[in-house]
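Reviewing the structure listed below.
The values are calculated or read from the model by the stated rules, or taken from the named source; none is laboratory data. Every value quoted in this text rests on a predicted model; they were computed, and no experiment measured them. Cβ coordinates were reconstructed from backbone atoms using ideal geometry, including for glycine residues, and neighbour counts include every protein chain displayed. For the accessible areas, the whole protein counts, side chains as well, though only heavy atoms, and no ligand, DNA or RNA atoms are used. Shrake-Rupley method; radii C 1.70, N 1.55, O 1.52, S 1.80 Å.
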Amino acid sequence: SRIILCSSVSVYNVQEDTVTEQSSKGALNEYGVSKLWSEKIVTGTDNFALLRFSSVFGTGMNMDTILPQYVKQALERKEITVYGEGKRLQNYLHVQDAAGYLWAAANSRENGEFLACAPESISNLDLARLIAEETGSVVKLTGEDHSPSFVYNNTFTARTLKYHPGVSMQEGVKEIIKWIKKEF
């Protein structure tokens with residue numbers, strides 16, 4: 001049998017500008033450390049794939065994260081508050097593409113550590129603008145944001161697993177807006 005482990009980009013050292021599959025690992029929190037230990041166990045088997053996911057999004061996601069919070073602000077107040085200048089970058093992978101990576105890894109004969117992410121990261125400001133455009137809202141900048149940005153390059157994964165994400169950020173945001181309108 002083949003073991004497929006859903007891990008996280010939280011195992012990487014966040015001090016690098018662009019993270020690749022070969023980037024140094026250096027989890028700074030308990031979650032990242034737990035993922036590293038589970039990876040260690042799985043890599044001791046004969047037939048495995050580790051998939052390190054960026055931020056997975058889709059209907060049913062945690063409402064306390066930034067994407068649904070921006071949508072809720074837009075729907076409730078017609079205004080989205082973005083901290084700092086909105087330059088922080090995040091990589092959002094749609095849940096359908098996460099499933100696509102899992103399928104590709106399950107059907108691959110290659111053992112390895114793979115990076116499951118979207119082709120591009122998006123800034124908080126651009127995310128807010130996308131949501132604002134879809135909801136007729138405005139974007140307001142306030143305060144400061146010193147959170148780290150995350151940019152990934154998964155060329156090795158794309159080449160090895162022969163999978164490329166197909167759900168655009170715009171499609172995913174429209175789906176989230178529709179879901180939140182229906183649920184809340």
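Ignoring ligands, DNA and RNA, what accessible area per residue does the stretch 3-58 give at 1.4 Å, in Å²?
Details: 2910 Å² over 56 residues.
Each residue of the stretch 3-58 exposes 52 Å² on average to a 1.4 Å probe.
Computed about the Cα centre, the dipole magnitude for the stretch 1-149 is approximately 240 debye when only Lys and Arg (+1) and Asp and Glu (-1) carry charge, each at its Cβ.
For the chain, the carbon plus sulfur part of the accessible surface works out to 50%, probe radius 1.4 Å. Under a 5 Å amide H cut-off, with hydrogens placed 1.01 Å from N, residue 57 pairs with 93, 94, 95 among residues at least 5 apart or on other chains.
Of the peptides 110-120, 132-142, the order by per-residue mean of other Cβ atoms within 10 Å, starting with the highest, comes out as 110-120, 132-142.
Per residue of the chain, what 222 nm ellipticity follows from adding -39500 (n - 2.57) for every DSSP H run with n ≥ 4, rounded to the nearest 500? Could the numbers behind the result be given before it?
On the way: 6 runs with 71 residues, N = 184.
Computed mean residue ellipticity for the chain: -12000 deg cm²/dmol.
Note the angle between two axes, namely the Cα long axis of helix 124-135 and the longest principal axis of the Cα atoms of the chain, as a number of degrees from 0 to 90, rounded to the nearest 10. Value to nearest ten degrees: 60.
Solvent-accessible surface of the stretch 77-157, averaged per residue with a 1.4 angstrom probe and all protein chains in place: 52 square angstrom. For the chain, the number of Lys pairs separated by eight or more positions or lying on different chains, with C-alpha atoms closer than 15 Å, is 11. Shape call for the stretch 82-184 from the C-alpha gyration tensor, a ≥ b ≥ c root eigenvalues: rounded (a/c under 1.5), prolate (a/b greater than b/c) or oblate? Taking the square roots of the gyration eigenvalues as a ≥ b ≥ c, the stretch 82-184 is oblate.
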